[in-house]
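Engineer: Here you go, one structure.
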Amino acid sequence: MKNKKVIVGMSGGVDSSVAAMLLKEQGYDVVGVTMQIWQDEETAIQEENGGCCGLSAVDDARRVAGRLDIPYYVMNFKKEFKEWVMDDFAAEYFRGRTPNPCIRCNRYVKWEALLHRAMSIGGDYIATGHYAKVVQLENGRYTLKKAPSRKDQTYALYNLTQEQLSKTLMPDGDYTKEEIRRMAENMGLPVAFKPDSQDICFIPDGNYQKFLYEYTGKKLPKGNFVDKTGKILGIHEGITHYTVGQRKGLNLSMGHPVFVTEIRPETNEVVIGESEDVFKSALTASHVNWMSIPEPEPGEKIRVHAKVRYAHAGASATVFRKTDGMLVCEFDEPQRAITPGQALVMYDGDYVVGGGVIEQIEG
């Protein structure tokens, strides 16, 4: 470890603070960096009490760095964050999809941009406070292994490349959240009991519609709620208000609970159905990143445990690659609310096989 320099992305929270502490204890030359991604001071102030990248993040990270006696810098990544995360988030919603901005941020900002910057200042590795473990398998490939913590974050990291994984350290991956907080307390770190941030960092009030309008100046028109036969059931407020599986906020008097089963941006329709209509057995995914195994031959069937969203327990499935690179995933049992724009992440036991972006739902 001696003389190996690691650039730690410090969000001002307890997880990244303890990651920096653990790496210093292991003998690395640790440098703390907070990534400035807020687009203006007003946004930063809104995020002051909880966002992972607001003004309090800088204050808290700087205090932790002082306590650990490590160099600390704030680096500007506003351009990368706007281009790769915020622009994509808005575009996906206007396409009737439900994106996961944290996955985009991890892949293109927290890793690609930070890693490039870290290498340019002589870094050997980057590190974060994520709950996951980077491992190199017998086949020589790098992958992620689930952490023992209930907060396992491998789902949101499936898109990291082999090059990125080879230069990544995740020291928190061996511990639970409770153990991380206890270590922070024992070390006297000022963020030991700081609450976790729950919301999307650039929408701290959780109002997606307000953000989309203020960010783009566009407001999508109202349209029709329809059933699967095309019968008009009512008027919706614009497709950006809805996601597959949604039940609340529909304002439809149907006499029983109904759900969003599909969003059709080309006709500006939101399809409504029964609970059973939300369950589907197959999907196709694009932009597939293979992690624990090299890209398989087209048609080669692989058994996996697959998740279709972060909170999904996962289910047994068979996947295979088509000749155009798209991935087909067929679940043994129908799964609820598979949603275009979200990620399909495949596991073999505790190890990430790979993942992709859900495009179409079938079955």
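Engineer: Which is the longest run of the chain containing none of the GluC sites (Glu not before Pro) found in DSSP loop states (not H, G, I, E, B) with at most 15 other C-beta atoms within 10 Å? Mind showing how you got there, number by number?
Structural biologist: On the way: sites that count: Glu48, Glu138, Glu266, Glu274, Glu300.
After excluding every exposed loop site, the longest remaining stretch is 139-265.
Engineer: Quick one: net charge of Ala118's neighbours, Cβ under 9 Å, K/R +1, D/E -1? Could the numbers behind the result be given before it?
Structural biologist: On the way: positive: Lys5, Arg117, Lys167; negative: Asp124.
Taking every Cβ under 9 Å from that of Ala118, the sum is +2.
Engineer: Oh, and also: Of all DSSP beta bridges in the chain, what percent run antiparallel (nearest 5)? Please list the in-between numbers first.
Structural biologist: Numbers: 47 of 65 bridges.
Of all bridge pairs located within the chain, approximately 70 percent are antiparallel.
Engineer: Rounded, prolate or oblate for the range 225-281? Axes are the square roots of the Cα gyration tensor eigenvalues, ordered a ≥ b ≥ c, and the cut-off for rounded is a/c under 1.5.
Structural biologist: rounded
Engineer: Can you tell me the alpha carbon radius of gyration of the range 203-346 divided by the globular rule-of-thumb value 2.2 N^0.38 Å? Present the calculation step by step, with values, prior to reporting the outcome.
Structural biologist: Values: Rg = 17.6 Å, N = 144, 2.2 N^0.38 = 14.5 Å.
In units of the globular-protein estimate, the range 203-346 measures up at 1.21.
Engineer: What are the principal axis extents of the Cα atoms in the range 272-363, in Å, biggest first?
Structural biologist: In descending order, the Cα extents are 40, 29, 21 Å.
Engineer: Give me the Kirkwood hydrodynamic radius of the chain, using the inverse of the mean 1/r over all pairs of distinct Cα atoms, in Å to one decimal.
Structural biologist: Details: mean 1/r = 0.0459 Å⁻¹.
Final number for the Kirkwood radius of the chain is 21.8 Å.
Engineer: What longest range of the chain stays clear of loop-exposed trypsin sites (Lys or Arg not before Pro) (DSSP non-H/G/I/E/B, at most 13 other C-beta within 10 angstrom)? Could you put the intermediate results ahead of the total?
Structural biologist: Numbers: sites that count: Lys2, Arg150, Lys218, Lys219, Lys222, Lys228, Lys231, Arg247, Lys248, Lys301, Lys322.
That gives 3-149 as the longest site-free run.
Engineer: A further question on this structure: In what order, largest first, do His130, His236 sit by accessible area if the probe radius is 1.4 Å?
Structural biologist: Largest accessible area first, the list is His130, His236.
Engineer: Something else now. Which of rounded, prolate or oblate describes the range 142-217 when judged by the alpha-carbon gyration tensor and an a/c cut-off of 1.5? Mind dumping the intermediate values first?
Structural biologist: Numbers: a/c = 2.65, a/b = 1.32, b/c = 2.02.
Oblate is the answer for the range 142-217, as a/c is 1.5 or above yet b/c matches or exceeds a/b.
Engineer: Using a 1.4 angstrom probe and counting only protein chains, how large is the accessible area of Ile121 in Å², to 10?
Structural biologist: We get 80 Å² for Ile121.
Engineer: Please report, in whole Å, how far the alpha carbons of the range 98-183 spread along each principal axis, starting with the longest.
Structural biologist: 36, 35, 29
Engineer: Using the Karplus curve 6.51 cos²θ - 1.76 cosθ + 1.60 with θ = phi - 60°, what ³J(HN,Hα) values do you get for each residue of the range 275-291, in whole Hz, with x for Gly and Pro?
Structural biologist: In residue order, the calculated couplings are 4, 5, 6, 7, 8, 10, 10, 8, 8, 10, 10, 10, 6, 6, 10, 8, 10 Hz.
Engineer: Over all directions, average the projected area of the Cα convex hull of the range 54-143 and note it in nm².
Structural biologist: Working: hull surface 33.9 nm².
Dividing the Cα hull surface by four gives the mean projection, 8.5 nm².
Engineer: Indicate, rounded to the nearest 5 percent, the antiparallel portion of the DSSP beta bridges found entirely in the range 185-274.
Structural biologist: Numbers: 9 of 12 bridges.
In the range 185-274, DSSP labels about 75 percent of beta bridges as antiparallel.
The values are calculated or read from the model by the stated rules, or taken from the named source; none is laboratory data. Source: prediction; values computed, not measured. Every residue, glycine as well, gets a Cβ built from its backbone with ideal geometry; the counts of neighbours run over all protein chains shown. Accessible surface areas use protein heavy atoms only, side chains included; no ligands, DNA or RNA. Shrake-Rupley method; radii C 1.70, N 1.55, O 1.52, S 1.80 Å.
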